[in-house]
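Structure record follows, encoded as structure tokens.
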Amino acid sequence: MGQLECVSRYVEEQVSKRVEEEMNEYVKKFNQEFAEQVTREVTEKVTKENSERIAINLLNTGNNINFVAHNTNLPVNRVIELKENI
């Protein structure tokens, strides 16, 4: 019975070790994917906000809507909205 207990304990330790390794790998992958997603979302938000600020400045200096849309990569309808809010 002693050998069986040793083998059983060894198997349990190996299973626990494997579960922990896989869990750590999963958490690492999840954290990396989450960080990448947050980075993408923040970058998109900041880029949009900057584009809108630039668009407002261009509109305030008399540039036409199509020129502003083209140079800020904003949709024309968004530039029109910005112009209406000025």
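The values are calculated or read from the model by the stated rules, or taken from the named source; none is laboratory data. These numbers were taken from a predicted model, which means no experiment stands behind them. Every residue, glycine as well, gets a Cβ built from its backbone with ideal geometry; the counts of neighbours run over all protein chains shown. Note: areas computed on protein heavy atoms with side chains; ligands, DNA, RNA excluded. Shrake-Rupley method; radii C 1.70, N 1.55, O 1.52, S 1.80 Å.
Helix-only mean residue ellipticity at 222 nm, the chain, DSSP H runs n ≥ 4 weighted -39,500 (n - 2.57), per residue, nearest 500. What is it?
Details: 3 runs with 77 residues, N = 86.
Computed ellipticity for the chain at 222 nm equals -32000 deg cm²/dmol.
State the label only: which of (i) 90, 18, 15; (ii) 42, 26, 22; (iii) 63, 24, 19 corresponds to Cα extents along the principal axes in Å computed from the shown model?
(i)
Any chance you could check the Cα centroid distance between the stretch 61-86 and the stretch 25-45 for me, in angstrom?
32 Å
How high is the relative contact order of the chain? Use alpha-carbon pairs under 8 Å, at least six apart in sequence, and give a whole percent. The partial results should precede the final answer.
Working: 30 pairs, mean separation 17.5, N = 86.
Normalised by residue count, the contact order of the chain is 20 percent.
Among I65, Q32, V15, pick out the residue whose Cα is farthest towards the positive end of the charge dipole of the chain, where Lys and Arg carry +1 and Asp and Glu carry -1 on C-beta, about the Cα centre.
I65
Sort the stretch 15-58 into rounded, prolate or oblate with this rule: let a ≥ b ≥ c be the square roots of the eigenvalues of the Cα gyration tensor; rounded if a/c is under 1.5, and if a/c is not under 1.5, prolate when a/b is larger than b/c, oblate otherwise.
Working: a/c = 11.37, a/b = 11.07, b/c = 1.03.
Taking the square roots of the gyration eigenvalues as a ≥ b ≥ c, the stretch 15-58 is prolate.
Using a 1.4 Å probe on the protein heavy atoms, what percent of the accessible area of the chain belongs to carbon and sulfur?
Working: 3990 of 7360 Å².
The C+S portion of the solvent-accessible surface of the chain is 54 percent.
What dipole magnitude, in Debye to the nearest 20, does the chain give about its Cα centre under +1 on Lys/Arg Cβ and -1 on Asp/Glu Cβ? Walk me through the intermediate numbers first.
Numbers: 11 positive and 15 negative charges, 100 e Å.
Once rounded to the nearest 20, the dipole reads 480 debye.
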